Amino acid sequence: MRCPWYAPDTKVTNSSESPITVTGVELIARGVTYANRPGRPGTYPLIVPPGETDALDIWFDLHDDVKKTFQQSAELRVHYRGGDIEEVAQVKIIGGPLNTNAR
């Protein structure tokens, strides 16, 4: 089954002592950078208070199905601001077998 989108349940935790502002999310897979297309308007910027965890609204329209897109490792990048400093948190995504029990 072809699945040309990827919308993982993803949360971000602010482990700092100051609020952070998530300004955007992107996915890099197979040499392609995918822009996030959140389902809710006004999702970003997202302010996350110190010590809090919040869900990210993430939706990527892929060029290929999920299985092909994640045949190689990929990277999820979360852009955020802490005070006047712009930062990027990076998470490596490694594909595994798809759930063959799903109906």
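Residues whose amide H comes within less than 5 Å of that of Tyr34, counting only those at least five positions distant or on another chain, are Leu27, Ile28, Ala29 (H built at 1.01 Å from N in the peptide plane).
Using r as the Cβ-Cβ distance of Lys11 and Val32, and R0 as 25 Å, what FRET efficiency do you calculate, to the nearest 0.05?
On the way: r = 25 Å, r/R0 = 0.98.
So, using R0 = 25 Å, E works out to roughly 0.50.
Within the shell defined by Cβ-Cβ distances under 14 Å, the residues around Ala55 carry a net charge of -2, with Lys and Arg each +1 and Asp and Glu each -1. Taking θ as phi - 60° and the Karplus parameters 6.51, -1.76 and 1.60, the scalar couplings of the range 80-92 work out to 8, 10, x, x, 9, 9, 8, 10, 9, 8, 10, 10, 7 Hz in sequence order, x denoting glycine and proline. Distant-in-sequence amide contacts of Gly24, defined by a placed amide H-H separation under 5 Å and a gap of 5 or more residues or a different chain, comprise His79. Each residue of the range 54-67 is assigned a 3J(HN,Hα), and the resulting list reads 9, 7, 9, 8, 10, 8, 10, 8, 8, 6, 10, 5, 4, 4 Hz, derived from the Karplus form 6.51 cos²θ - 1.76 cosθ + 1.60 (θ = phi - 60°), x at Gly and Pro. Sequence-ordered 3J(HN,Hα) estimates for the range 30-40 from the Karplus curve with 6.51, -1.76 and 1.60 and θ = phi - 60° stand at 6, x, 10, 9, 9, 7, 6, 10, x, x, 10 Hz, glycine and proline given as x.
When you restrict to C-alpha pairs under 8 Å that are six or more residues apart and normalise by the size of the chain, the relative contact order lands at 34 percent.
For Ser73 and Arg40, the FRET efficiency from 1/(1 + (r/R0)^6), where r spans their Cβ atoms and R0 equals 22 Å, is about 0.15. For Lys11, the lysines whose Cα comes closer than 24 Å to its Cα, not counting residues fewer than 8 places off in the same chain, are Lys67, Lys92.
For a protection proxy built on the mean count of beta-carbon atoms within 10 angstrom, sort 17-25, 49-57, 85-93 highest first, please. Let's see the in-between values first.
Details: 17-25: 16.8, 49-57: 13.4, 85-93: 10.9.
Packing proxy ranking, top to bottom: 17-25, 49-57, 85-93.
Run a plain Debye calculation on the chain (Cα atoms as equal point scatterers, no solvent) and give log10 I(q)/I(0) at q = 0.18, 0.21 Å⁻¹, rounded to two decimals, same order as the q list. Treating every Cα as an identical point scatterer, log10 I(q)/I(0) equals -0.89, -1.11. The sum of -39500 (n - 2.57) across all DSSP H runs of n ≥ 4, divided by the residue count of the chain, sets its helix-only mean residue ellipticity at 222 nm to -500 deg cm²/dmol. Placing dummy labels 7 Å off each Cα toward the beta-carbon, the span from Glu52 to Gln90 is 2.9 nm.
Readers should treat all values here as calculations from the given coordinates under stated rules, not as data from a laboratory. Note that this is a predicted model, so its numbers are computed, not measured. Ideal geometry is used to build each Cβ from the backbone, glycine not excepted, and the neighbour counts take in all protein chains shown.
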